[in-house]
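Asks: Here's a structure for you.
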């Protein structure tokens, strides 16, 4: 024999009873159930004031819950571990969205879901950052000589045209490659010997015929790179800011950072990310890719073999 589901009125009555006893959890649960029942099954107009009261009770209950959660982390020291705790609370309360890895081609399982990696985690970073003035000097010389920056999203004459948020052939986001698809671009690399020497000490990824890539990436005033994801999650993207007007930003997942000249930003581009130059000046960074530090040499070799196989059968677009 089936039992009729509880009505909005009966659930409100039970919620009122628990509220009168000061049982916040039980009252909130019954009021939430009453509101759901009213939404699904309708209700008498006479219940409207009581339902409005239930809405207010639930709202106040959730506000108290959020305040209590935030108090757990409010006074903790500014450490990486406590940042994770604060972000966990922000995700629970809906103030921070969860952005998982979502590479377009290869997902390598069991790697940590991290948006940004900190400069201090890599022993090669100080030496590279110390070369920033020399690298910028080489960049400025290349610019003065009329460097041939090309749109980042280009046609491949052997493939159908691909679209990327209307930026196909757009001069607002351009690149000058020193290494492209694993091959040195001699005409550019030869003009930047200090840059190439500095990068020789960096654990850049070597994945089939796709990486490493090293390029000067330029965003003109007002340029916006829309949200997108990279092709795999077993490499990281590094940005060495060289010419950066204040206010230019990079969002990876739920965190936005501004570039600072001479300070690397390192991130997982398989997580949704976007960038913008909202200023009236040009932004240029040195962009390159590195291996995820968790990978073993055998895993790196296997990943490269996988991409060699992919390249024999299909075209990979990587924005």
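Asks: Would you confirm whether any residue within the stretch 78-90 is more than 30 Å from residue 235 (Cα to Cα) and in contact with a helix residue (DSSP H, G or I) (Cβ under 6 Å, 6 or more places away or on another chain)?
Replies: no
Asks: Which one of these is within 26 Å of residue 24 (Cα to Cα) and surrounded by 12 or more Cβ atoms within 10 Å (Cβ to Cβ): 86, 114?
Replies: When all the criteria are applied, what remains is 86.
Asks: Taking strands (runs of 3 or more DSSP E) that do not extend beyond the stretch 241-319, which have at least 2 residues that are within 19 Å of residue 140 (Cα to Cα)?
Replies: Strands (runs of 3 or more DSSP E) meeting the threshold: 283-291.
Asks: Can I ask one more? Taking the residues in the stretch 35-69 that are farther than 21 Å from residue 17 by Cβ and surrounded by fewer than 15 Cβ atoms within 10 Å (Cβ to Cβ) as candidates, determine which candidate is modelled with the lowest pLDDT.
Replies: Per the stated criteria, the residue is 42.
Asks: Residues that are closer than 28 Å to residue 271 by Cα and not assigned by TED's automatic domain parsing to the domain that holds residue 193: find the helices (runs of 4 or more DSSP H) completely inside the stretch 48-157 holding 1 or more of those.
Replies: Those helices (runs of 4 or more DSSP H) span 48-73, 80-92.
Asks: A follow-up question, please. Tell me, please, whether a residue that is in contact with a strand residue (DSSP E or B) (Cβ under 7 Å, 6 or more places away or on another chain) and free of Cβ contacts under 8 Å to residues at least 40 places away in the same chain can be found in the stretch 259-272.
Replies: yes
The values are calculated or read from the model by the stated rules, or taken from the named source; none is laboratory data. The structure presented is a predicted model; accordingly, all values stated were derived computationally and were not measured. Every residue, glycine among them, receives a Cβ derived from its backbone with ideal geometry; neighbour counts consider all protein chains shown.
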